[in-house]
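Written below as structure tokens is the structure these notes are about.
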Amino acid sequence: MNAEKRLGFVGIIIEDRDQCSAAVNELLSKHADHILARTGIPRVKGSTSVITLVVDTTTDELGKLTGRLGAIQGVQVKSGLAKK
């Protein structure tokens with residue numbers, strides 16, 4: 001069965017850029033074929049940052065990406081896909 005790709009988003013909060021950035025960037029690079037747009041905003045005070053992604057992917061691929069991101073200590077992830 002061929003899963004249908006849908007438009008969606010991923011919101012990523014990184015609590016410590018020094019600790020997490022390399023792992024997050026490596027993972028996002030591996031999933032680059034599903035990412036349409038990426039915006040990163042570092043917080044001026046402290047080491048927290050936010051990354052937002054616009055994705056075109058299947059539910060399975062989104063689950064793989066968000067699961068792996070969420071497994072990185074200091075990273076929080078929320079996502080959603082359009083209904084159709």
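Here's a check for you: in the stretch 26-52, which residue that is among the charged types (D, E, K, R) and at pLDDT below 95 is surrounded by the most Cβ atoms within 10 Å (Cβ to Cβ)?
Here the residue is Arg43.
Taking Gln19 and the conditions (1) surrounded by fewer than 16 Cβ atoms within 10 Å (Cβ to Cβ); (2) within 11 Å of the chain's Cα centre (by Cα), which numbered condition does it fall short on, given that it satisfies the others?
All conditions are met except number (2).
Considering only residues of the stretch 1-16 that are over 20 Å from Gly74 (Cβ atoms) and aliphatic (A, V, I, L, M), which is surrounded by the fewest Cβ atoms within 10 Å (Cβ to Cβ)?
Step by step, filter the stretch 1-16, then rank; the result is Met1.
State which residue pairs qualify: first residue in contact (Cβ under 8 Å) with a residue 12 or more places away in the chain and β-branched (Val, Ile, Thr) and inside the stretch 35-55, second residue surrounded by 13 or more Cβ atoms within 10 Å (Cβ to Cβ) and in a loop (DSSP other than H, G, I, E, B) in any location, beta carbons under 6 Å apart, and separation of 6 or more residues or different chains.
Thr48/Glu15
Are any residues in the stretch 56-84 under 9 Å from the mean Cα position of the chain (by Cα) and part of a strand (DSSP E or B), and if so, which ones?
Val77, Lys78, Ser79
The values are calculated or read from the model by the stated rules, or taken from the named source; none is laboratory data. This structure is a prediction, so every number in the text was calculated from the model and none was measured. Because the Cβ atoms are built from the backbone with ideal geometry, glycine has one as well, and the counts that use them run over all protein chains shown.
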